[in-house]
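First the structure, in the form of structure tokens, and then the observations on it.
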Amino acid sequence: QVQLVESGGGLVQAGGSLRLSCAASGRTFSSYVMGWFRQAPGKEREFVAAISWSGSRTNYADSVKGRYTISRDNVKNTVYLQMNSLKSEDTAVYYCAASSTYYSDSLEKYDYWGQGTQVTVSS
């Protein structure tokens, strides 16, 4: 089992940047695919980005491609989400998640979730 704790959210102006972090407990962090999802008010939770076990493979939602970068540090047991050129529509609660089996953009494939961190982009 793994526990996930996100940090780094906050209020930022449109065009600005934020870096989210997700710290994982346990000694087997490198055995999990890690993903970031977000949920805006009144909307369903949606995929943002995923990174493979070693970090060699990443994929992104079209809405964030070219602006966001996911990365991981398997020594520090942490996954990051660098968010640049933020837009008001990026406002949401951002969740990190871990999958023990699948490299996927489907939230149903993820076994463990953090509590979320709020990102608010003002226009």
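Taking the conditions exactly as written (in contact with a strand residue (DSSP E or B) (Cβ under 6 Å, 6 or more places away or on another chain) and farther than 15 Å from Gln115 by Cβ), does Thr28 satisfy them or not?
no
Within the group Leu81, Leu86, which residue is of a type outside the set (Val, Ile, Thr), under 24 Å from Ser123 (Cα atoms), in contact (Cβ under 8 Å) with a residue 12 or more places away in the chain and not in a strand (DSSP E or B)? If you could, list the steps in order and put the result at the bottom.
Details: Leu81 fails: not in a strand (DSSP E or B).
Within the list Leu81, Leu86, the selection yields Leu86.
Hey, among the residues in region 53-76 that are touching a strand residue (DSSP E or B) at 6+ places or on another chain (Cβ under 9 Å) and among the hydrophobic types (A, V, I, L, M, F, W, C), which one's most open to solvent (accessible area, probe 1.4 Å)?
Only one residue fits best here, namely Trp53.
Let me confirm something: among Ala23, Ala50, Ala40, which residue is out of contact with any Leu (no Cβ under 8 Å at 6 or more places or on another chain), open to solvent by 10 Å² or more (accessible area, probe 1.4 Å) and closer than 17 Å to Tyr95 by Cβ?
On the way: Ala23 fails: out of contact with any Leu (no Cβ under 8 Å at 6 or more places or on another chain); Ala50 fails: open to solvent by 10 Å² or more (accessible area, probe 1.4 Å).
When all the criteria are applied, what remains is Ala40.
Here are some residues: Ser30, Ser21. Which one is out of contact with any helix residue (DSSP H, G or I) (no Cβ under 8 Å at 6 or more places or on another chain) and modelled with pLDDT of 95 or more?
Values: Ser30 fails: modelled with pLDDT of 95 or more.
Exactly one of Ser30, Ser21 is out of contact with any helix residue (DSSP H, G or I) (no Cβ under 8 Å at 6 or more places or on another chain) and modelled with pLDDT of 95 or more, namely Ser21.
Please find, within region 94-123, the residue that is surrounded by the most Cβ atoms within 10 Å (Cβ to Cβ) out of those that are part of a loop (DSSP other than H, G, I, E, B) and among the aromatic types (Phe, Trp, Tyr).
The qualifying residue surrounded by the most Cβ atoms within 10 Å (Cβ to Cβ) is Tyr110.
The values are calculated or read from the model by the stated rules, or taken from the named source; none is laboratory data. If you're wondering where the values come from, they're calculated on a predicted model, not measured in any experiment. In this analysis, Cβ positions are derived from the backbone assuming ideal geometry, glycine residues included, and neighbour counts consider all displayed protein chains. Just so you know, the surface numbers come from the protein's heavy atoms only, side chains and all, with ligands and any DNA or RNA stripped out. Shrake-Rupley method; radii C 1.70, N 1.55, O 1.52, S 1.80 Å.
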